[in-house]
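The values are calculated or read from the model by the stated rules, or taken from the named source; none is laboratory data. Quick caveat: nothing in here was measured; it's all calculated off a predicted structure. Backbone-built Cβ (ideal geometry, glycine too); neighbour counts: all protein chains shown. Surface accessibility is based on the protein's heavy atoms, side chains included, excluding ligands, DNA and RNA. Shrake-Rupley method; radii C 1.70, N 1.55, O 1.52, S 1.80 Å.
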2 protein chains.
Amino acid sequence: MKRHIPLAAVLALAIALPAAAQFRKPEDAVKYRQSVMFVMSNNLYTRIGGMVNGRIPYDAHAAATSADTVVFLSRLPWDAFIPGTENVGRTDAKPGIWTEPAKFKDLQEKMQSEVLKLAQVTKTGDLEALKVAYRATTAACKNCHDSYTSQ
Amino acid sequence: MKRHIPLAAVLALAIALPAAAQFRKPEDAVKYRQSVMFVMSNNLYTRIGGMVNGRIPYDAHAAATSADTVVFLSRLPWDAFIPGTENVGRTDAKPGIWTEPAKFKDLQEKMQSEVLKLAQVTKTGDLEALKVAYRATTAACKNCHDSYTSQ
């Protein structure tokens with residue numbers, strides 16, 4: 001079943017050739033965006049979140065390094081949401097990603113904006129300000145996941 | 001079996017607490033380094049390699065973007081090679097990573113050096129020079145994988 005790709009998906013891939021050429025197969029596009037999200041999630045929730053929640057001692061340098069990683073990675077997943085990958089492999093992506101591209105892009109940009117603010121705050125060494133920025137960032141993540149993932 | 005962690009690994013994790021605290025569980029450290037490697041591999045082999053091998057039309061801007069991604073990601077996997085993760089989950093990591101840390105670090109640094117040269121070459125728009133830098137970079141990847149992964 002994994003190898004069966006619906007005709008509509010094949011046609012969509014053919015139309016979107018330049019994007020699709022970035023992946024050897026549709027499953028790789030799913031794995032790419034999930035890999036980026038996992039590394040972002042680890043840096044945001046486990047490392048920075050661990051400091052915010054007191055599980056890890058606060059380390060301003062480590063928080064800034066993780067925030068810079070989240071900023072960089074926050075640009076990467078989007079070109080992997082190519083047409084024809086909404087039902088491929090073990091994705092949680094909902095069809096709205098492809099039917100409401102403007103809303104999806106707006107939520108991406110809101111997240112990226114919060115992530116940039118978070119990174120700026122980590123440079124100040126102010127843990128209380130970091131807590132505020134962390135909550136705004138994770139809320140922006142959740143807004144998009146609530147709309148566009150089935151998790 | 002997946003939940004069973006040998007005592008030696010638990011002790012190693014306890015000694016390496018600051019690093020281990022970056023991951024909720026040892027499996028996450030394995031998934032972290034594999035996720036980073038997958039995104040690096042896609043950008044290096046599929047995207048840049050696709051241009052080098054003629055599968056994708058050469059696009060200097062896209063090559064530079066991918067190379068910058070590889071540069072950034074080339075710094076990330078190493079703190080996930082924490083003690084106690086050599087036999088966790090579906091890792092291909094060989095024990096030499098932990099018994100020969102100096103050699104492992106030397107091979108990392110050689111790869112990072114080639115990746116930086118690759119990124120510089122992508123800025124020139126010279127496809128022939130990119131082919132040379134690509135081969136040097138992939139050789140540096142292979143040197144480390146030949147020694148330290150069972151794939």
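Between B:HIS145 and the same site in the other copies, what are the distances in nm, shortest first, taking label points 7 Å from Cα along the C-beta direction?
When each copy's label point is compared with this one, the spacings are 3.1 nm.
If you line up the long axis of helix B:127-148 against the longest principal axis of chain B, both from Cα atoms, how many degrees apart are they, to the nearest 10?
20 degrees
Accessible area per residue, 1.4 Å probe, Å², for chain A: what's the number? Before the final figure, lay out the partial values.
Numbers: 7920 Å² over 151 residues.
Here the per-residue accessible area is 52 Å².
Using the 7 Å Cα-to-Cβ label point, sort the distances from A:THR124 to its equivalents in the other copies shortest first and give them in nm to one decimal.
Result for A:THR124, in nm, nearest copy first: 4.5.
Only helical DSSP H runs with n ≥ 4 go in: add -39500 (n - 2.57) per run for chain A, normalise by residue count and round the 222 nm mean residue ellipticity to 500 deg cm²/dmol.
-19500 deg cm²/dmol
Taking the Kirkwood radius as the inverse of the mean 1/r across Cα pairs, report the Rg/Rh of the protein assembly as shown.
Rounded to two decimals, Rg over Rh is 0.97.
Nearest-to-axis residue of chain A, judged by Cβ, for the A-to-B rotation, with distance in whole Å?
A:SER35, 2
Under 37 °C and 0.692 mPa s, how fast does region B:25-137 diffuse according to Stokes-Einstein, given a Kirkwood radius computed over C-alpha pairs? Answer in µm²/s, whole number. Please report the intermediate quantities before stating the final value.
Values: Rh = 14.9 Å.
Calculated translational D: 220 µm²/s.
Heavy-atom accessible area of A:TRP98 with all protein chains present, probe 1.4 Å, nearest 10 Å²?
It works out to around 60 Å².
Suppose you put the label 7 Å out from Cα in the Cβ direction; list, shortest first and in nm with one decimal, how far B:ARG90 is from each other copy's label.
Copy-to-copy label distances for B:ARG90: 0.8 nm.
Would you mind telling me the share, in percent, of accessible area of the protein assembly as shown contributed by carbon and sulfur at probe 1.4 angstrom?
Accessible surface attributable to carbon and sulfur in the protein assembly as shown totals 59 percent.
For region A:61-112, what mean projected area does the convex hull of the alpha carbons give, in nm²?
4.3 nm²
Given a 1.4 Å probe and no ligands, DNA or RNA in the count, how much accessible surface is buried by A and B, both sides, to the nearest 100 Å²?
Looking at A and B, the buried total is near 2100 Å².
Can you tell me the relative contact order of chain A? Whole percent, Cα pairs under 8 Å, sequence separation 6 or more.
Working: 148 pairs, mean separation 42.6, N = 151.
RCO, chain A: 28 percent.
Find, to one decimal place in angstroms, the Kirkwood hydrodynamic radius of region A:34-81, where the mean of 1/r is taken over every pair of different Cα atoms and then inverted.
The Cα-based Kirkwood calculation yields 11.0 Å.
Would you mind counting up the charge near B:LYS31? Only other residues with Cβ under 12 Å from its Cβ, with Lys and Arg at +1 and Asp and Glu at -1.
For residues surrounding B:LYS31, the net value is +3.
Could you compute the net charge surrounding B:ASP68? Neighbours are other residues with a C-beta less than 15 Å from the C-beta of B:ASP68; K and R count +1, D and E count -1.
+1
Determine the relative contact order of region B:63-137: mean sequence separation of Cα pairs under 8 Å and six or more apart, normalised by residue count, in whole percent. Can you show the working numbers first?
Details: 39 pairs, mean separation 29.0, N = 75.
For region B:63-137, the relative contact order is 39 percent.
For the pair B:ASN87/A:LYS123, report the inter-label distance in nm, with labels modelled 7 Å from Cα in the Cβ direction.
Calculated label separation equals 4.7 nm.
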